[in-house]
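In what follows, a structure is listed as structure tokens, so that the remarks can point back to it.
Here, each number is a calculation from the coordinates, and none is a lab measurement. Since the structure is predicted, the reported quantities are computational estimates derived from the model, not experimental observations. Here Cβ is always computed from backbone atoms with ideal geometry, including for glycine, and neighbour counts include all displayed protein chains.
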Amino acid sequence: MLLLLPQVLVTVVFFFYPAGQAIWQSLFISDPFGLKSQFVGLGNFEYLLADRFYRASFATTAIFSGLTTVVSMGVALYLAVLADRLIKGSGVYRTLLIWPYAVAPAVAGVLWLFMFNGRVGIVTWYLGLMGYDWNHVLNDGEAMGLVVVASSWGRISYNFLFFLAGLQAIPKSVIEAAAIDGAQFWTRFRTIIFPLLSPVTFFLLVVNIVYAFFETFGVIHTITSGGPQQATTILVYKVFSDGFVGQDLGSSAAQSVILLVIVGALTIVQFKFIERRVHY
Amino acid sequence: MPRANESGMVRKRGVGYWLTHLGLIIGVLFIFFPIWLAFVASTVSQQEIVRPPMPLWPGDQFIENYTAALFSGVNVPVAKMLLNSLIMALGIALGKIVISLLSAFAIVYFNFPGRRFFFWMIFLTLMLPVEVRIVPTFQVIANFGMLNSYSGLIFPLIASATATFLFRQYFMTVPDELAEAARVDGARPMQFFWHILLPMSRTNIAALFVILFIYGWNQYLWPLLITTDPEMNTIVMGIRQMFPSGDDVADWPVIMATSILAMIPPIIVVISMQKLFIRGLVDSEK
Amino acid sequence: MATLKLDGLKKSFGDTKVIHGIDIDIAEGEFIVIVGPSGCGKSTLLRMVAGLETVTSGEIQINGVRVNDLEPMDRNIAMVFQNYALYPHMNVFDNMAYGLKIAKTPKPEIAERVQTAAKLLQLEDFLQRRPRELSGGQRQRVAMGRAIVRRPAVFLFDEPLSNLDAKLRVQMRLEIRELQRSLGVTALYVTHDQVEAMTLADRMIVMNDGVADQIGAPLDVYKNPATTFVAGFIGSPATNFFGTDEVTVNRNKALMSAFSDAERAVLEKPATMIGVRPEHLQVCEPHDAYLTLSVNYSEALGAETLIHGKLPMGTAITIRQNGHLPLPEGGQELGAVWSENSVMVFDQNGKRV
């Protein structure tokens, strides 16, 4: 079919061929000059999984994704619940809250870097006044904290939109019925609103994890470049740094393959979920 | 005044009402603050920034800083980077829409051998984000000699399973009888596509365009890899290139002016097309 | 304006046969209604004529020319769809003009033809509106307008009134009939509504499971149904069917009087069915009756009353009688006779004897 040709062409050339290449290359090691390569089977994978840094990168990714997801969803839910309580004006707040979605992760990184910069950062300065010496260039935890906050920040609007839509879809009569039953706000939230919101929550959970995995590269690259000592090197960042900076193609390819498996799993989870929602 | 029977209801205008507003305002400030600070920094002089704390109110260097950024920049004028970003974002958004429309049209309206195969093939691309296949894709582009070119920036990002599925979904809600009526009216398949399907999909197309434009504009990793020539840098990745290596002090006012410039186009798109944007978001995630 | 001929027309989807062979010669200007329950293949038949479904075997001829392999637009037909299939983004004018534009008809002529059609259909004030701004009846008219402007040889209607409310349906039915008469166009009209079929058709094709059980003028079909299916489908309430064993009183008189020799020959065979329309049964004194029934309930509809009951062997039966006759009560035993020349006999295959 001629109509499919463009899509198929792009897909094959830029998706399947490279993916195949990644799998192929993951089975070889090449010398530093890239002149010859030697077949090592699953050697790259064995080496990787034995690598302390790679395993640490797994842990880093888990912590980073977990925190980013919790922070961005938590703040968004809080704001959405507040906005939903308003009869009028929630639209205004929505407008005020949604546009950071448009800010690129890399730009968000620069903005937060500026606030926490060791030399000029205004937050650093005030923290200094309070006797706290902020230095994310040296301190692992502070570095992680900063990339988490910067990554969550831009994500809040997205989550806010979906939570607000989810809240507004809950029939008011259900909540009013609970209020007549004498449930106070917090009880209403815990026993009625949150359970009814669970499809949205689950959906956002998956989407946010995918985001934290793949789309936060810009934040990390601008703020910490994976440092200090790989403390903020998430898996995607490591593929980049080993492949392009370290020129270790075999290892980078093997990492790509592992990532492929992870994305595959996440995609399947996502679609299983959508399927379930369709059956509702 | 709140009446007794309204107590506990959402409508009461007591302390809770103002606390709600207060909470939201704090949230808005938290969201705004980094951007406000960037804006302030882009209007003051370098001296004011390097002696912390920096001011919290805009200064008088607005024109100087933005002129410096737009027309000289650090490595390359920001105006050039803006242009590059614009071309890339438009290329990606329009490219994705065009090829997705065509594919969805083919899949929904034609019965041909291998239809399911192609469908799954497109589906699989969902599992292959750029980040996963960076090195080999880079090699492909290098082999084609497409490094430092717009086509190199655009093509690898142009396939879109999400958009294809969205259009497929939409086309499937269009009654078959409409296609048949067009056939009886004498329309060829492509005429049906142009005259009927395309105009009917325009809201979906616009909504998707908003999302894809932002997606394209905000690309970071890919341009970082394939544009070694500063002339081809996009603005989002170019900002990071403006930081000096080593111990030199960054030219913060210009960097911050650039950051603001990098945010403006997508923010304008989001705010001015808020309805379409929200619709696009919700659609493309289903 | 044209003749239409279907010759041994068959259709299968894979191994499933949906149309088993239809033959009919349709004269110029004739209004043919294809009627049958859903799933009988009537829409498929229409769509084959339209060129939207391929022909498995047999031939379709329009004006004596075989059109089996022609595209819909080359067959010189126009079709009105069940849900109207109006282009939602075009206004009424463009909807009607689309086919002409595709055919590269000169602009002034398009405008003139659309105006004429709009006038005919009282749509002149709505030409600039979008379909969603119109009422159901107006949309229906636009769909017809789209067909009219093409000046086709044959009009095809696929259940065009089924989305309208009852009152509008009656009105549009009349309009369609008048329109077809005044244009003199041959029409093929699909419906599952036997009232529509009776009122519209010059001749109707009663379809059952891919077979044309009967083709004929409405009254002929009503009076002389060819099969139990046709007898049951055409006419409301449906024809009563019962075996000869239900005829318990005055049996000889009942079975001898009203039947021809041929009918009598099969009467005593098993599985033979007697059919009588509800309007041909009359309540009478038990000793004069052919049938006795115990009344379940009566429906008083004003002008007429429907009496629902059971025959001795348990077959359900309905009698339709004049509204000012006394209303029988549930549980009551009644006798009934059929009027002369109104009983029908069907053999074990459901065919009329």
Chain B, Gaussian network, Cα under 10 Å: of B:TRP18, B:TRP36, B:TRP57, the residue fluctuating most is B:TRP18
Based on the Cα atoms of chain A, what semi-axes does the equivalent ellipsoid have, where each is the square root of 5 times one gyration tensor eigenvalue, given in whole Å with the largest first? 39, 27, 17
Compute the distance from the alpha-carbon center of region C:1-47 to that of region B:66-121, in whole Å. 50 Å
Among C:HIS324, A:HIS136, C:HIS89, which comes first, second and so on when ranked by fewest other beta-carbon atoms within 10 Å? C:HIS324, C:HIS89, A:HIS136
Project the alpha carbons of the protein assembly as shown onto their principal axes and report the range along each, largest first, in whole Å. 120, 74, 63
Square roots of five times the C-alpha gyration tensor eigenvalues of region C:203-243, ordered largest first and given in whole Å, equal 16, 12, 8
Would you mind computing Rg(Cα) / (2.2 N^0.38 Å) for region B:150-286, counting N as its residues? 1.44
Span-like helices, chain B: DSSP H, alpha-carbon axial extent 20 Å or more, mean Kyte-Doolittle 1.0 or greater, which ones? B:15-41, B:78-109, B:202-217, B:252-272
Assign one of three labels to region C:151-216, namely rounded, prolate or oblate, based on the Cα gyration tensor with a ≥ b ≥ c the square roots of its eigenvalues; rounded applies when a/c is under 1.5, prolate when it is not and a/b is larger than b/c, and oblate otherwise. oblate
Any idea what % of Cα-Cα pairs in region C:4-233 are farther than 24 Å? 44 percent
Mean 1/r over all different Cα pairs, inverted: what Kirkwood radius does region C:113-156 give, in Å? 10.6 Å
Where does the protein assembly as shown land at 222 nm, in deg cm²/dmol rounded to the nearest 500, when only DSSP H runs of n ≥ 4 count, each adding -39500 (n - 2.57), divided by all residues? -16000 deg cm²/dmol
Taking just the alpha-carbon atoms of region C:240-346, what radius of gyration and Dmax come out, in angstrom? 13.5, 41
So, with points 7 Å from each Cα along the Cβ direction, the A:ARG190-C:ARG251 label distance in nm works out to 8.2 nm
Pick from B:SER151, B:SER272, B:SER72: which is most flexible by mean-square fluctuation in a GNM of chain B where alpha carbon atoms under 10 Å apart are linked? B:SER272
Run through all the Cα pairs of chain B and give the fraction in each 5 Å bin from 0, expressed as whole percent. 1, 5, 9, 11, 12, 12, 11, 10, 8, 7, 6, 4, 2, 1, 0, 0
Output needed: percent of Cα pairs per 5 Å distance bin for region C:103-198, bins running from 0 to the one holding the longest distance. 2, 12, 23, 24, 20, 12, 4, 2, 0
Calculate the spin-label point distance for B:VAL50 paired with C:GLU268, positioning each point 7 Å from the Cα along the beta-carbon direction, and give it in nanometres. 12.5 nm
